[in-house]
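Here's the structure we're looking at; comments come further down.
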Amino acid sequence: MTPTLIIVLAILVVGALYAAAIYNNLVRLKHTVAKAWSNIDVVLKQRHDELPKLVAVCKEYMRHERQTLEQVVQARGAVGAARERGDLHRLGSAETELRAGLARLFALAERYPELKADRGFQQLSARISQLEDTIADRRELYNESVNLNNVRLEQFPDTLIARLFGFRRAQLLEFADARQDVDVAALFR
């Protein structure tokens, strides 16, 4: 074997090992994004399961607030459908609607002292608030994973390997600012 052939083979081996390392890192990032989404999905499902219980408790006391209760139920259905389809864009807008409906529901609960005193309502509202915080935390982790994945897909030479093997950008999970103030005074007019 000539020294030139040995150098060429060494360069090819090093290049192949480097390409394999890039590929393995891209696979790891893809699965990190999938795992982060799965963690969000679990909490969304838990909240999805708790909301009918909350609406049922509220119906007992809030007979005149049918529109708000229906808004929460419809938004819950939209979130569930988007979650099952994996449609992150629709999920973001449905989440915004659901969060607005829940904020209105909790604000309206102030009108009903018996409801606020109801042990079931207290437990469910605390549980849903806890799930909301968990969703926010997991969404942050998911978006960070997506960001890391997407940056690597655009970096050279990773982009060459990514294109060759069909790696795709992941979509951020964005909610509109659902923490807008609820006009409580308007609810009492």
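The values are calculated or read from the model by the stated rules, or taken from the named source; none is laboratory data. In this text, all values refer to a predicted model and were calculated from it rather than measured experimentally. Positions of Cβ are generated from backbone atoms using ideal geometry, with glycine treated the same way; all protein chains shown enter the neighbour counts.
For Ala94, the requirement of being within 13 Å of the chain's Cα centre (by Cα) and without any contact (Cβ under 8 Å) to a residue 60 or more places away in the chain is met. Restricting the stretch 36-63 to residues that are out of contact with any Lys or Arg (no Cβ under 9 Å at 6 or more places or on another chain) and free of Cβ contacts under 8 Å to residues at least 24 places away in the same chain leaves a set whose member that is farthest from Ala82 (Cα to Cα) is Arg63.
Quick one: is Ile7 buried (at least 18 other Cβ atoms within 10 Å of the Cβ), modelled with pLDDT of 90 or more and either part of a helix (DSSP H, G or I) or on the phi < 0 side of the Ramachandran plot (or both)? Before you say what the answer is, go through the steps one by one.
Working: buried (at least 18 other Cβ atoms within 10 Å of the Cβ): no; modelled with pLDDT of 90 or more: yes; either part of a helix (DSSP H, G or I) or on the phi < 0 side of the Ramachandran plot (or both): yes.
Here the answer is no, as Ile7 does not meet what is asked.
When the stretch 55-109 is limited to residues that are more than 18 Å from Ala126 (Cβ to Cβ) and among the β-branched types (Val, Ile, Thr), the one that is modelled with the lowest pLDDT turns out to be Thr68.
Of the residues making up the stretch 116-154, those that are within 23 Å of Glu95 (Cβ to Cβ) and of a type in the set (Val, Ile, Thr) are Ile128, Thr134, Ile135, Val146. Looking only at the stretch 141-170, residues that are touching a helix residue (DSSP H, G or I) at 6+ places or on another chain (Cβ under 7 Å), farther than 13 Å from His31 by Cα and charged (D, E, K, R) come to 2 in all. Is it the case that the stretch 123-143 has a residue that's more than 23 Å from Pro52 (Cα to Cα), free of Cβ contacts under 8 Å to residues at least 24 places away in the same chain and either loosely packed, with under 13 Cβ neighbours inside 10 Å or not aromatic (Phe, Trp, Tyr) (or both)? Within the stretch 123-143, one or more residues are more than 23 Å from Pro52 (Cα to Cα), free of Cβ contacts under 8 Å to residues at least 24 places away in the same chain and either loosely packed, with under 13 Cβ neighbours inside 10 Å or not aromatic (Phe, Trp, Tyr) (or both).
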